[in-house]
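Undergrad: The structure is given below, and queries will be raised subsequently.
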Amino acid sequence: MADKANCDLKSLSPLQLFEKVTEQGEKVRALKAGKAPKDEIDAAVRMLLSLKLSYKTTTGQDYQAGLPPKDLVLINNGTTKEEDEDLVDPWNVQTSNAKGVDYDKLIVRFGSSKIDTDLINRIERAIGQKPHHFLRRGIFFSHRDMDQVLDAYENKKPFYLYTGRGPSSQAMHVGHLIPFMFTKWLQEVFDVPLVIQLTDDEKYLWKDMTIEKAYEYAKENAKDIIACGFDVNKTFIFSDLDYLGTSAGFYRNIVKVQKHVTFNQVKGIFGFTDSDCIGKISFPAIQAAPSFSSSFPQIFNGKENIQCLIPCAIDQDPYFRMTRDVAPRIGQPKPALLHSVFFPALQGAQTKMSASDPNSSIFLTDTPKQIKTKINKHAFSGGRDTIEEHRKYGGNCDVDVSFMYLTFFLEDDDRLQQLKQAYTSGELLTGELKKVLIETMQPLVAAHQERRKQVTDEIVKQFMTPRKLAFEF
């Protein structure tokens, strides 16, 4: 049996071995914390030492918690790059760093601007209240032309918000809430119209699903979005499959963008190949069009010069770099952007969340028991292998997923700082930190589920009907 286990270990990749060691370390900690029989703990420790030895033999590196092996990764077109060059595009996010993507490098690479203290202070002065904790904690960390939006607001000129959702599954996870929570706050403090695009057409083109299923997911996702608390009088949610057929202004803007972007440009921006269907190649123009107010004549009374602000995750930026390049050539203002960091998978910031893997995140349909089990079993720990080591050296908040999730969802700054200090010093154990996260996420998800139950098909229809909103233009 031992030979078979060793043989099985040899067939594992360095990253899989790393995950095995991490999992076994968690098991040892749990056994010790639960005061399991000594022989059971000893057997688990022997297995941990064996796994660490296999890891070192395979990689030539000592195992270090939170630091996966240096390796090579496959990038889009089959060429390889060192993993410290994070891969970020609208469909793929890859990094080898347990801390997640290096956002400072990404700002330089994408040519955006960092949201610094001066900008946060300016937003605070403009709205007359404390900025959202997503801004204060660097969750929204990068921008394009936010200064212009604030200039317009201070000069009593209108602007509007645009964000979206690609409905690839019926159930959304808590990470999908981030742009909507922040957009709702922006809408309330600035009192502006909001349009939300559901790109059901995109999901049909990219994924193995019927057009009917994509549209059904759009309607289901709309219920979760509405449950975030948006005002029906100030918000228009639309499905591309619906709205594109009814709005001449929307389609005209799509065609204008299509005329001004070459095939070479979209290949360069999005990595399309000659074997991609033509629907994919023309789709970026559909995501660009809501950036222009003339796409919504019923809301903006046909006005074409109203600036748009787009809160989104930074992987969507390539669409809007293209849009900003085209905008002046078709006589439209460039959209401004606010970029968020990526929401980490439970297994760690270097792994990707997947709707097909229910354990990769906390879903909005999860029960309190499922939330507790997922966090306890799957949340990547920045703690040490033993309680003694943890008390001595402390935990690593930079790689600990429970702490990362609390950064998103625990609103109390002082409490978050106390937890960080206690975990880093070794006073707070991994299990105790996970307990705080469980107690934060269970009521948050339950409250969302209660609000969603109140969202009827009739309410969805109201939000998705093209109409004038509560603003004069």
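Undergrad: For the range 90-347, what mean projected area does the convex hull of the alpha carbons give, in nm²?
TA: 14.0
Undergrad: Still on this model: If you average over every viewing direction, what projected area does the convex hull of the Cα atoms of the range 368-454 give, in nm²?
TA: 5.7
Undergrad: Going highest first, how would you order 182-193, 266-277, 159-170 by mean Cβ packing within 10 Å?
TA: 159-170, 182-193, 266-277
Undergrad: Next up: Give the average over all directions of the projected area of the C-alpha convex hull of the range 155-260, one decimal, in nm².
TA: Reported value for the Cα convex hull: 8.3 nm².
Undergrad: What relative contact order, as a whole-number percentage, does the chain give when Cα pairs under 8 Å and 6 or more residues apart are counted?
TA: Relative contact order for the chain comes out at 17 percent.
Undergrad: Which of the pairs LYS105/LYS130; LYS213/LYS377; LYS184/LYS256; LYS234/LYS334 have their Cα atoms more than 25 Å apart in this structure?
TA: LYS105/LYS130; LYS213/LYS377; LYS184/LYS256
Undergrad: Where Rh is the Kirkwood radius over the Cα pairs of the range 305-387, the temperature 25 °C and the viscosity 0.890 mPa s, what D in µm²/s does Stokes-Einstein return?
TA: In µm²/s, the coefficient is 153.
Undergrad: Give the Kirkwood hydrodynamic radius (Å, one decimal) of the range 9-59, defined as one over the mean of 1/r across all pairs of different Cα atoms.
TA: It works out to 11.2 Å.
Undergrad: For TYR251, TYR423, give me the order by solvent-accessible area with a 1.4 Å probe, most accessible first, ignoring ligands, DNA and RNA.
TA: Largest accessible area first, the list is TYR251, TYR423.
Undergrad: Could you work out the relative contact order of the range 9-59? I mean the mean sequence separation of Cα pairs under 8 Å and 6+ apart, divided by the number of residues, in percent.
TA: In percent, rounded to a whole number, it is 54.
Undergrad: Let me ask another. Report the antiparallel proportion of the DSSP beta bridges in the chain as a percent, rounded to a multiple of 5.
TA: Rounded to the nearest five, the antiparallel share is 45 percent.
Undergrad: With an 8 Å cut-off on Cα pairs and a minimum separation of 6 or more residues, tell me the relative contact order of the range 90-347 in percent.
TA: 23
Undergrad: Quick one: work out Rg over Rh on the C-alpha atoms of the chain, Rh as Kirkwood radius.
TA: Rg/Rh for the chain comes to 0.99.
Undergrad: At 1.4 Å probe size, with no ligands or nucleic acids counted, give the accessible surface of THR365 in Å², nearest ten.
TA: 90
Undergrad: What ranking, highest mean first, results for peptides 378-385, 403-410 when packing means the other Cβ atoms within 10 Å averaged over each residue?
TA: My ranking of the peptides, most packed first, is 378-385, 403-410.
The values are calculated or read from the model by the stated rules, or taken from the named source; none is laboratory data. Quick caveat: nothing in here was measured; it's all calculated off a predicted structure. Backbone-built Cβ (ideal geometry, glycine too); neighbour counts: all protein chains shown. Keep in mind that these areas ignore ligands, DNA and RNA; they rest on the heavy atoms of the full protein, side chains included. Shrake-Rupley method; radii C 1.70, N 1.55, O 1.52, S 1.80 Å.
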